[in-house]
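Okay, structure first, notes after.
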Amino acid sequence: MKNLGKRSLSAVMAIAVNLLWWVEWVAGALGAFMVLTAAHIRKAFALQVPITYTPMSMAQIYSAKQKGDFSILNTTNGTLSIHVGADWKTIAALLTGYGAIFAAIVIITYQVKRIFESFKQDQPFQQANIYRVRNIALVLISYSVVQWSSVIMINQFLLSNFVFHHLDLTYEFNYTCLLIGVVLLAVEGVFKTGLALEEEKQLTI
């Protein structure tokens, strides 16, 4: 199967990303509906807050044999379930937080969708794709910074309202998103070079 043009791998990927785009909108609408429904019916939320902390031993895992060694399960992350009241401040904070995550996902998906559509049209090197790759990179880099800032705020909230006798919360930075964003900025340069070669080719013809 060819990589570019109609009936190519790029065309298949364009369809897949387009379906993902609509699934994300349905999931986002469903998530907002569930938050508002929980606020109206249950009058409270069970927030699942991901946290990272200093290494600790959670349990001993014993051998299946009668006389065997045991292992210790060490962990540095988990999920803290917090029950909070469903007042308007909590609802606004939840919708803002989830909305920011949803916006980042949708923006990235839309840019990828348009890139594969250009591949489907056998026009990979165009000015718009340079902007699209850059947009994805900037969203990922911004997300890593915002996510780290949110970790700081959440940890401050937890330390102010709960007592952690056996562990210390840590402030984990999302290096994966940052690294992918930096790599995409390099890919942007590849698209610029390809566009320049394409324009030179057109002038030669």
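What the table below lists for this structure:
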| item | result |
| --- | --- |
| HN-Hα J in Hz across region 92-107 - Karplus 6.51, -1.76, 1.60, θ = phi - 60°, x for Gly and Pro | 5, 5, 5, 5, 5, x, 5, x, 5, 5, 4, 4, 4, 5, 5, 4 |
| The chain, dipole about Cα centre (Lys/Arg Cβ +1, Asp/Glu Cβ -1), debye to the nearest 20 | 500 |
| Sparse-neighbour loop sites [chymotrypsin sites (Phe, Trp or Tyr not before Pro); region 123-191; at most 16 other C-beta within 10 Å; DSSP] | PHE162, PHE164, TYR171, PHE173 |
| For region 148-201 and region 83-121, distance of Cα centres in Å | 16 |
| Label-point separation, PHE164 to ALA196 (7 Å along Cα→Cβ), nm | 4.9 |
| Debye, to nearest 20: dipole size of region 63-123, +1 on Lys, Arg Cβ, -1 on Asp, Glu Cβ | 160 |
| Estimated FRET transfer efficiency when R0 is 25 angstrom, pair ALA100-THR37 (beta carbons, to 0.05) | 0.75 |
| Amide hydrogen neighbours beyond the local backbone of ALA86, cut-off 5 Å, H modeled | ALA44, PHE45 |
| Rounded to whole Hz, the Karplus (6.51, -1.76, 1.60) HN-Hα couplings of region 173-180, x for glycine and proline | 9, 7, 6, 4, 4, 4, 5, 4 |
| Heavy atoms of ASP87: accessible area, 1.4 Å probe, square angstrom to 10 | 80 |
| For region 23-37, 3J(HN,Hα) per residue [Karplus equation, 6.51 cos²θ - 1.76 cosθ + 1.60, θ = phi - 60°, Hz, x = Gly/Pro] | 4, 4, 5, 5, 5, x, 5, 5, x, 5, 5, 5, 4, 5, 5 |
| Cross-link partners of LYS6 among lysines (Cα-Cα below 20 Å; sequence separation of 8 or more within a chain) | LYS113, LYS120 |
| The chain: projected area of the alpha-carbon convex hull, averaged over directions, in nm² | 18.2 |
| Segments 100-109, 41-50 sorted - mean Cβ within 10 Å per residue, highest first | 100-109, 41-50 |
| Stokes-Einstein D in µm²/s, Kirkwood radius over Cα pairs - region 77-131 at 25 °C with 0.890 mPa s viscosity | 170 |
| Cα Rg over Rh - region 92-203, Kirkwood | 1.18 |
| Other-chain or far-sequence residues with amide H under 5 Å of LEU80's (modelled H) | VAL49, ILE51 |
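The values are calculated or read from the model by the stated rules, or taken from the named source; none is laboratory data. Fair warning: this is a prediction, and the values are worked out from it, not measured in the lab. As a convention, Cβ positions derive from the backbone with ideal geometry for all residues, glycine included, and neighbour counts pool all protein chains shown. Quick note on the areas: whole protein, heavy atoms, side chains included, nothing else; ligands and nucleic acids left out. Shrake-Rupley method; radii C 1.70, N 1.55, O 1.52, S 1.80 Å.
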